[in-house]
Amino acid sequence: MEIVRKIADLQDIIAEAKNNGKRIGLVPTMGALHEGHLTLVRRCKEDNDICVVSVFVNPTQFNNPVDLDKYPRTPEKDSALLESVGCDIVFMPEAEEVYPEPDTRIFDLGEIDKVMEGKMRPGHFNGVCQVVSKLFDYVKPHVSYFGEKDFQQVAVIRKMTKDLGLDLDIVQVPIVREESGLAMSSRNMRLSEKEKADAVAISKALFESKEKMNIMPLSEVRQWVIDTVNSVDALEVEYFDIVDGDTMQDVENWNDSQYIVGCITVYCGEVRLIDNIIYKN
Ligand code: PAF
């Protein structure tokens, strides 16, 4: 496994691999890797000749400097984990390498980023598009892999890829969960044992709500999830929206779309957790 820090070096290695007819897969990450990321890497490895993983905490997607500061950084551990799952190239640049000057590009994402994460974290998805479009440009992968936990992010990246006319596939990989049901996340590292146990109520409520969709109207299921999660002292729902899985716009009735997803964000103490459930697809 090669660890590369400069864009020019990365491009040289990729160019040689492509000249040799190799198929390239890319897994963008911000490090602090866990089993969820490793699942993406294994899938990338299975589907491609060369698996490139980027590890870069992208400053432009944080609208809160404290969150950026607190984001866990574990580069040595990340490298060891990536080596263990057969990653070929790790791209670990410094911020100055990716942003030698401020990126002033504004991505028009239509209605997709006006709701949920886009509404709560203004500018977040624009920052995601800035960095992911740069990574796509450096690597020019045949395919790139993203976790379904960040459901809206995948929709944003699909739109950006289409709008920029990029010739690559975006693969969405299902959420990997702890045995307890808690969705794996780098932020879980910041939870105490008690908070981790409390946070299990989020996935539990989502799973149970799926069983209610045949017997309860959508608005009641939505309220039930919010009330059930909020009934745990340590948890506070920021939003729970039931949306169309492509457009991210609210759905009023279970019959209004063929693809329905419930997306939730919950504060557990100071840690902001996200999760989702696919009701229909
Ligand atoms: O999902 C993430 O970890 C990040 O948003 C991504 C896609 C790596 C861009 O920085």
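A few remarks follow.
- Any hit, segment 153-160, residues being more than 9 Å from the ligand (Cβ to nearest atom), within 19 Å of Asp103 (Cβ to Cβ) and more than 13 Å from the chain's Cα centre (by Cα): yes
- In segment 78-105, the residues that are of a type in the set (Asp, Glu) and more than 16 Å from the ligand (Cβ to nearest atom): Glu83, Asp88, Glu96, Glu101
Each row is one residue, and each column tells you yes or no for (1) of a type in the set (Val, Ile, Thr); (2) in a strand (DSSP E or B); (3) surrounded by fewer than 21 Cβ atoms within 10 Å (Cβ to Cβ); (4) touching a helix residue (DSSP H, G or I) at 6+ places or on another chain (Cβ under 7 Å).
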{"residue": "Val232", "(1), (2), (3), (4)": "yes, no, yes, yes"}
{"residue": "Glu236", "(1), (2), (3), (4)": "no, yes, yes, yes"}
{"residue": "Ile242", "(1), (2), (3), (4)": "yes, yes, no, yes"}
{"residue": "Met248", "(1), (2), (3), (4)": "no, no, no, yes"}
{"residue": "Glu252", "(1), (2), (3), (4)": "no, no, yes, yes"}
{"residue": "Asn255", "(1), (2), (3), (4)": "no, no, yes, no"}
{"residue": "Val266", "(1), (2), (3), (4)": "yes, yes, no, yes"}
{"residue": "Ile274", "(1), (2), (3), (4)": "yes, yes, no, no"}
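- Screening Pro75 with (1) within 16 Å of the ligand (Cβ to nearest atom); (2) loosely packed, with under 13 Cβ neighbours inside 10 Å gives one miss only, at (2).
- Verdict on Arg158 being touching a strand residue (DSSP E or B) at 6+ places or on another chain (Cβ under 7 Å), more than 19 Å from Val229 (Cβ to Cβ) and not acidic (Asp, Glu): yes
Yes or no, residue by residue, for (1) free of Cβ contacts under 8 Å to residues at least 12 places away in the same chain; (2) more than 16 Å from the ligand (Cβ to nearest atom); (3) touching a Cys at 6+ places or on another chain (Cβ under 9 Å):
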{"position": "Val176", "(1), (2), (3)": "no, no, no"}
{"position": "Ala183", "(1), (2), (3)": "no, no, no"}
{"position": "Ser186", "(1), (2), (3)": "no, no, no"}
{"position": "Ser219", "(1), (2), (3)": "no, yes, no"}
{"position": "Val225", "(1), (2), (3)": "no, yes, no"}
{"position": "Tyr239", "(1), (2), (3)": "no, yes, yes"}
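- Restricting Gly110, Gly127 to residues that are over 15 Å from Val27 (Cβ atoms), small (Gly, Ala, Ser) and more than 16 Å from the ligand (Cβ to nearest atom) narrows the list to Gly110.
- Looking only at residues in segment 179-204 that are closer than 22 Å to Arg73 by Cβ and not hydrophobic (A, V, I, L, M, F, W, C), the one that is surrounded by the fewest Cβ atoms within 10 Å (Cβ to Cβ) is Ser192.
- Of the residues contained in segment 129-150, one or more are found to be assigned to a loop (DSSP other than H, G, I, E, B) and buried (at least 23 other Cβ atoms within 10 Å of the Cβ).
- Residues in segment 103-143 that are in contact with a Leu (Cβ under 8 Å, 6 or more places away or on another chain) and farther than 29 Å from Val251 by Cα: Ser133, Leu135, Phe136, Tyr138, Val139, Lys140, Pro141, His142, Val143.
- Among the residues of segment 11-31, those identified as buried (at least 21 other Cβ atoms within 10 Å of the Cβ) and either at pLDDT below 95 or within 16 Å of the ligand (Cβ to nearest atom) (or both) are Gly25, Leu26, Val27, Pro28, Thr29, Gly31.
- Matching residues, segment 53-72, being out of contact with any Gly (no Cβ under 7 Å at 6 or more places or on another chain), within 13 Å of the ligand (Cβ to nearest atom), of a type outside the set (S, T, N, Q) and not in a loop (DSSP other than H, G, I, E, B): Val53, Pro59, Asp67, Leu68
- Some residue of segment 153-171 being touching a Lys or Arg at 6+ places or on another chain (Cβ under 9 Å), over 22 Å from Val237 (Cα atoms) and either of a type in the set (Val, Ile, Thr) or in a helix (DSSP H, G or I) (or both): yes
- Within segment 112-125, the set of residues being crowded, with 18+ Cβ neighbours inside 10 Å and either within 20 Å of Pro93 (Cα to Cα) or touching a strand residue (DSSP E or B) at 6+ places or on another chain (Cβ under 8 Å) (or both) comprises Val115, Met116, Glu117.
- Contacts under 9 angstrom Cβ, first residue in segment 203-214 being farther than 22 Å from Glu236 by Cβ, partner modelled with pLDDT of 95 or more and in a loop (DSSP other than H, G, I, E, B), 6 or more apart: Met213/Trp254; Asn214/Trp254
The values are calculated or read from the model by the stated rules, or taken from the named source; none is laboratory data. Owing to the predicted nature of the structure, the values given are computational and were not obtained by experimental measurement. Don't worry about glycine lacking a Cβ; one is built from the backbone with ideal geometry, like all the others, and counts go over all protein chains shown.
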